[in-house]
Amino acid sequence: MPAANRTHLAGALRVRTAPGARAGRVLQLASVLPVLAVTGWLLVAVPLAALGAFHAWTVLPAAAAAAVLLVRLARPALAAARTRPAPWWAVASTLAIAAAFAALAMATHSEQAVLHRDAGTYAQIGLWLSGHPGLTAPVPAEAFGGAADEVTFAHPGFYEQDGTIVPQFMTGWPTLLAAAHWAGGWTGMFVLPGLVGGLAVLAVAGLAARIAGPRWAPVAALLLAAAWPMLRVSQTTYSEPLAALMLAGGLALLLDAWQSRRAPLFALAGLVLGGGELVRLDMAVDFALVLPAIGWWWVRRQPGALAFASGALVGGGLGYLDARYVTWPYVQVNWSSARPMALLLVAAVVGTVAGAILLRRRSLRLSPRLAVALVVAGGIALAARPWYWTDHSVTAASTMDYVASHQRRLGLPVDGTRGYAEQSLSWVSWYFGWPLLVLAWGGLMAAAAGVARGRQWRLLPILLVYGGSAAATLLRPAITPDHPWADRRLVVEVLPAVVLLAVVALAGLARMRLRVPWMAALLALAIGPALWVTVPLAPLRTEVGEPEAAARLCRALRPDDTVIMIDTQWAPTVRNQCGLPVAQLPDPTVDRLRMVAAAVRAAGRDPVLMSTSTLPLLPYGLPLERVVYQDEREDQHQLARRPDGTDPRLLECWLVRA
């Protein structure tokens, strides 16, 4: 064997047997294999649900096969990606933090089974899908006889379109909730977000290991796990934990693809990042922002850009089909947000292609000083917004009334147009503390300078996707501004961005050989405020007992009942869980109620009037039946300060047999 070949072989063997190589490989695989398995599920479950073929015996084996196929495609390419040696203590502590987070979220899960806000809507969609082969339900017009045109079958979270009831939101997360209901009923559905949240924490920690070194993975995991908005969304059936997993896992796959230069890994990264649209409509922004990174890779004449595009076309194409043909009413209602996202995506594609072609012909040098100056100016402008701008972005009449009611309750100036977006950076500081935000700002400066110098290519997707999306979210949260409801907007991009950039700053300070006491103090300042906020809030549960309350309602109804709702809260429960026809009567009067009840009787069914309070039913002059009357706890509705507990809430259901 020639001497040169012997030297090369010896070097390869040294890399394979380097201390900590196996631990580093474990961390690498643990942070991406879950998202591949989830993507395999989505590729099968979403089309089957859309086609009306969502059965356990069809989706489970097909999804398992798809997940195995994706993992098998990834394994050789992942093995070719160079991983940094990692100490076992770092890997074990990272896994332990993610597992502890998941266990805590699962043990303290909420039980929002009744329509209240988005968590209840997701739970009801998952419940319906667990017992039906498709997402849509037929409008039960025949149960209302000649009064079918007087009632509405739509209500918050569900739309009426072409004789069917169409659920809100993208289809991906409800399919997983349905599978969890197959496995464990309501409890299975309620604990699933905690499990997915733990995997998202692990995926972000894996990203930190890739950009800052494996020793910083447990720090990143602890920082994200200690952020209360992350825990809160993992305690109830929101889609944000899955969206966070898809984004972090997809970017980790992309960084590994850059390392290995293997086409299958690029394709899988594109598939995951494009498929994020199946989970959350806003993921189109994240995908648009990753495209310049792919263009930069192509400019360097490296392989993989075409493979990424092919995977993205599959994942993004399924997302488009889901949005256009399954959940189109949801997209139309949110068109004011969806249209800019679509334009951004088109601009990103055109701009990336044009810019990459231009840069292939002519080199471009970026100024590190200019990059840092832009970060400094942007940070100052964002932090100073409360002094020079007041947000009046709320325009929907119902939302204005809602905001004004809470302003009156909290003793704030009453102005229903207030969106409080100028305070968005303060929202982040509530849960992380200003020291961590300053560290993240410093990490952003270092990352921008490193990318501009062409030395820190690993940080480019972090800057573009997490940095760009976080900035867009903070500038325009676009959500009803009561907390902790509005803090959901921080979970997918903002909180991971702060964590990753702070870790970049801490790793840079460590490389400067900062003295151990100073590093310990910085770590305490970084983690302490988050723990101070989260520890008292973590065990608090909300909406406990709602599944049993819903079951009591179903027991109070009879097979021949047709339910006429005065309001809408219990409508999904009656339809999805009780399996009975239900509709709401807008602007009810005694005469109109009697007319609809008579039409129901003429159709051969028994009319039942239902409301969440007694007042609308009293004028009817018939005996009231109290079906549900229970005290529970719900999230607070704060507008100008951090939530510090839960609020009491009375859950009621009254009915009258007409």
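Summary table below
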item	result
Residue count for the range 298-312, restricted to those that are outside any helix (DSSP H, G or I) and either polar (S, T, N, Q) or touching a Pro at 6+ places or on another chain (Cβ under 6 Å) (or both)	1
Single match in A521, A549, A526 (criterion: modelled with pLDDT under 95 and buried (at least 17 other Cβ atoms within 10 Å of the Cβ))	A526
Filter result for R16 (among the charged types (D, E, K, R), more than 17 Å from A205 (Cα to Cα), out of contact with any Phe, Trp or Tyr (no Cβ under 8 Å at 6 or more places or on another chain) and modelled with pLDDT under 95)	yes
Whichever residue in the range 570-587 is more than 19 Å from V166 (Cβ to Cβ) and under 31 Å from the mean Cα position of the chain (by Cα) and, among such residues, is surrounded by the most Cβ atoms within 10 Å (Cβ to Cβ)	W570
Residue count, the range 112-162 (criterion: in contact with a Lys or Arg (Cβ under 7 Å, 6 or more places away or on another chain) and either closer than 19 Å to G184 by Cβ or hydroxyl-bearing (S, T, Y) (or both))	0
Residues located in the range 632-644, provided they are outside any strand (DSSP E or B) and within 20 Å of S405 (Cβ to Cβ)	Q636, H637, L639, A640, R641, P643
Among residues of the range 146-172, those that are within 21 Å of A338 (Cβ to Cβ) and acidic (D, E), counted	2
Number of the condition not met by L195 [criteria: (1) surrounded by 23 or more Cβ atoms within 10 Å (Cβ to Cβ); (2) under 18 Å from S31 (Cβ atoms); (3) within 22 Å of the chain's Cα centre (by Cα)]	(1)
Residue count, the range 490-514 (criterion: surrounded by fewer than 24 Cβ atoms within 10 Å (Cβ to Cβ) and free of Cβ contacts under 8 Å to residues at least 60 places away in the same chain)	6
All helices (runs of 4 or more DSSP H) inside the range 370-444 with 2 or more residues being in contact (Cβ under 8 Å) with a residue 24 or more places away in the chain and of a type in the set (G, A, S)	424-432
Any hit, the range 160-177, residues being part of a helix (DSSP H, G or I) and in contact with a Gly (Cβ under 6 Å, 6 or more places away or on another chain)	yes
Pick from the range 52-101, criterion over 21 Å from A200 (Cβ atoms) and among the aromatic types (F, W, Y), ranking: surrounded by the most Cβ atoms within 10 Å (Cβ to Cβ)	F54
Residue check for G315: under 25 Å from L135 (Cα atoms), part of a helix (DSSP H, G or I), in contact (Cβ under 8 Å) with a residue 40 or more places away in the chain and not assigned by TED's automatic domain parsing to the domain that holds E160	yes
Residues being at pLDDT 85 or above and under 17 Å from R324 (Cβ atoms) - total across the range 334-366	9
Matching residues in the range 346-369 - criterion: being of a type in the set (K, R) and part of a helix (DSSP H, G or I)	R360, R361, R369
Residue check, A583 of a type in the set (G, A, S), touching a residue at least 40 places away in the same chain (Cβ under 8 Å) and touching a helix residue (DSSP H, G or I) at 6+ places or on another chain (Cβ under 7 Å)	yes
Test for A119: is it assigned by TED's automatic domain parsing to the domain that holds L223, crowded, with 20+ Cβ neighbours inside 10 Å, closer than 30 Å to I479 by Cα and within 19 Å of the chain's Cα centre (by Cα)	no
Failed item, numbered, when L609 is tested on (1) under 24 Å from I125 (Cβ atoms); (2) assigned to a strand (DSSP E or B)	(1)
Any hit, the range 412-419, residues being farther than 17 Å from I479 by Cβ, at pLDDT 95 or above and touching a Lys or Arg at 6+ places or on another chain (Cβ under 7 Å)	yes
Residue in the range 469-488 that is within 18 Å of V279 (Cβ to Cβ), touching a Leu at 6+ places or on another chain (Cβ under 7 Å), aliphatic (A, V, I, L, M) and in the same structural domain as L202 (by TED's automatic domain parsing) present	no
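The values are calculated or read from the model by the stated rules, or taken from the named source; none is laboratory data. As the structure is a prediction and not an experimental result, all values here were calculated from the model. Don't worry about glycine lacking a Cβ; one is built from the backbone with ideal geometry, like all the others, and counts go over all protein chains shown.
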